[in-house]
Amino acid sequence: MTCPSILCGCPQIIFLACVASLASARPGQDSDGRLKIGNVSNDLSSNGCALQLPSQYRRREGKFVFVSDFENHGLVNVNGTDVRLELISPAARDEDHKPAIGEHSTFVYAGNGLEVRVDYSPGTSANRSKSGELTYYDAILTVTRGKASKRVAARAVCAATSR
């Protein structure tokens with residue numbers, strides 16, 4: 001194998017080029033620009049909504065790709081890092097509002113250069129628990145940073161009451 005003349009005998013140049021490309025990658029984004037959604041390692045509170053991938057829901061795993069609380073915060077894991085988010089739309093949740101079965105809703109959060117949109121829909125999973133404290137929805141989680149975007153289908157469980 002032949003070495004291009006500019007790089008022969010200069011492994012430092014190759015090393016520095018690799019380091020520079022890794023350093024330019026933003027946190028929460030792969031070096032190739034892709035976003036990867038993972039499971040959050042923290043929890044905000046026991047009240048709010050939590051989203052699971054359908055496979056995790058079917059296996060009854062206690063892992064979540066997004067959680068939110070009634071204090072207008074959210075948490076998502078992007079490329080292995082939990083990112084804390086603030087609700088930006090709607091401006092604030094009405095704590096007395098209990099979503100009706102069949103009601104569509106959208107919440108948008110932002111933090112650390114991310115925009116996270118959660119679309120809740122009745123789908124096939126919108127039903128209330130026997131106690132009436134939990135409501136189940138189908139959801140679409142969309143995470144965007146710059147031009148990179150990742151969208152996943154999820155199952156949501158939301159507490160019907162706030163603290």
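So the values come out like this:
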item: Qualifying chymotrypsin sites (Phe, Trp or Tyr not before Pro) in segment 40-78, DSSP loop, other Cβ atoms within 10 Å at most 10; result: none
item: Counted charge near His73, where neighbours are those whose Cβ lies closer than 10 Å (Asp, Glu -1; Lys, Arg +1); result: -2
item: Neighbourhood net charge (14 Å Cβ-Cβ; Lys/Arg +1, Asp/Glu -1) for Arg58; result: +2
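Read-outs: derived from the displayed coordinates by stated rules, not from any lab. In this text the structure is predicted, and so the values were computed from the model without any measurement. Cβ: placed from backbone, ideal geometry, glycine included. Neighbour counts: every protein chain shown.
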